[in-house]
Amino acid sequence: MSKKNILLTPGPTPVPEDILRAMAEPIFHHRTPRYRKIFSSVSERLKKVFLTKNPVYVLTGSGTSAMEASTVNFHSAGDETLVVENGKFSERFTQLAKAYSLKPTVIKVAYGEAVRPEQIAEALKKNPAIKSVCLELCETSTAVLQDIKAIGAVVAKTEAVLIVDAISGLGADRLETDAWGADIVVSASQKAIMLPPGLAFISVSEKARKKMEKSNLPKYYLDLKLYEKAAKDADTPFTPALTLVVGLEKVLDRIESEGIENIFKRCAELGTFTRRGLESMGLKLFSKAPSSTVSAASLPDGIDGEKLVQVMRDEKGVALAGGQGEMKGRVVRIAHMGAITKKDLEEGLRVLAETLHEMNRHSEAAGRRIS
Ligand SMILES: *Cc1c(COP(=O)(O)O)cnc(C)c1O
């Protein structure tokens, strides 16, 4: 059997051929008119993906660098922050807050569920000192989509800023940064933006910028004031991952030619298709608030999820993701964002069904031997 090579993990995601080729061109220097032209163009055009008029800064780092930038630039020592924890990535906001001596208040939400906007309203009412609310658009570890629009309306009435981790969701799940009042949105290159890992993005509203002026937390590489200043000359304070920025220009061509609305629609349809496929195998969906970015299903007892993912990847050439943290070995996750096609998903689902069937047969046979 010839081995396939299908990547369905929720980051990194497949990078289209033409974009890979564009990034294989000879390297050039970044403090040149050639680079500045590309950089100023991508910085402007990224706004259309974020659906914002606010500046979007491009950092060289993984998505977490932008999350850390959201912590260090918009808070001061001892600030209170409200974190919604409903999976592994949201827990990172609490860890960041602790690392910088902020005071996090945590709303714990069961894995697989989204926070109710009223929970946020209550927490903000109870503690008016809260300076920020942090949560995910799509919590990639549980495939849960949160209602940023409703939450934005709650937070906009307060002094707090809304910090949204859209690292996986941006460009797959709808996010109207300005219209919904998402003050700070972070994202990264290797998920729905279909580039290799290495770039992170952060948008900053006017309300957030005021906090940035006053912030006294320690920072250097991630000091957004430096990025703001450099941006005036279409520049970055430090050497950019310019190869990826060249790729980003091509990605934006692709996104613009399809149209962001059509992309939201396509990812939503692929999500529905994926979830129907999972259910038709008899699997139970894990997320009660489905996302257009990634879907997750619980595995039946007796199926070792780690083994399943390993067999599919190493023997059948289909890479999907297992569970993280508490969900390790118990769920599978399939991405349907970026350049992932329906054909990839059909094949991935077929191989998943086949592998589950084989593992079931083995465990039944083992069961008979024991009894
Ligand atoms: C992937 C992901 C991250 C982590 O990003 P890195 O690029 O690995 O630093 C954080 N949050 C969400 C929602 C993600 O999907």
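The values are calculated or read from the model by the stated rules, or taken from the named source; none is laboratory data. Not measured: the values here are computed from a predicted model. With ideal geometry, Cβ positions are generated from the backbone for all residues, glycine too; neighbour counts draw on all protein chains shown. What goes into the accessible areas is simple: the full protein's heavy atoms, side chains included, and nothing from ligands, DNA or RNA. Shrake-Rupley method; radii C 1.70, N 1.55, O 1.52, S 1.80 Å.
With the full set of protein chains in place, find how many percent of the accessible area of region 17-257 is carbon and sulfur; take the probe as 1.4 Å.
Reported share for carbon and sulfur atoms: 55 percent.
For the charge dipole of the chain, defined by +1 on Lys and Arg C-beta atoms and -1 on Asp and Glu C-beta atoms about the Cα centroid, which residue among Ile19, Ala160, Thr52 has the Cα displaced farthest towards the positive pole? The one lying farthest along the dipole's positive direction is Ala160.
Between Gln146, Gln310, Gln190, the residue with the greatest mean-square fluctuation in the GNM of the chain (Cα pairs under 10 Å linked by springs) is Gln310. Compared with the dominant Cα axis of the chain, that is its longest principal axis, helix 88-99 is turned about 40°. Here the dipole of the chain is about 260 debye; that uses its Cα centre as origin and unit charges on the Cβ of Lys and Arg (positive) and Asp and Glu (negative).
Compared with the direct C-alpha span, the chain from Ser257 to Met281 gains 5.1 nm at full extension, assuming 0.36 nm per residue.
Axis angle, to the nearest 10 degrees, between helix 305-316 and the longest C-alpha principal axis of the chain: 80 degrees.
With one equal scatterer per alpha carbon and no solvent term, the Debye-computed log10 I(q)/I(0) for region 17-257 at 0.08 1/Å reads -0.28.
Once the gyration tensor of the Cα atoms in region 156-219 is diagonalised, the equivalent ellipsoid follows with semi-axes of 23, 16, 7 Å, ordered largest first. Accessible-area rank, largest first, for Phe93, Phe273, Phe286: Phe273, Phe286, Phe93, with all protein chains present and a 1.4 angstrom probe. Counting only protein chain heavy atoms and rolling a 1.4 Å probe, the accessible areas of Lys288, Lys47, Lys149 rank, largest first, as Lys288, Lys149, Lys47. For the chain, the longest principal axis of the Cα atoms and the long axis of helix 63-72 meet at an angle of about 40 degrees. With Cα atoms defining each centre, region 180-227 and region 53-126 are spaced 13 Å apart in the structure.
Length gained on full extension, Val106 to Leu226, computed as 0.36 nm times the residue gap minus the Cα-Cα distance: 40.1 nm.
Scan the chain and report its longest stretch carrying no GluC sites (Glu not before Pro) that are both in a DSSP loop and have at most 14 other Cβ atoms within 10 Å.
177-371
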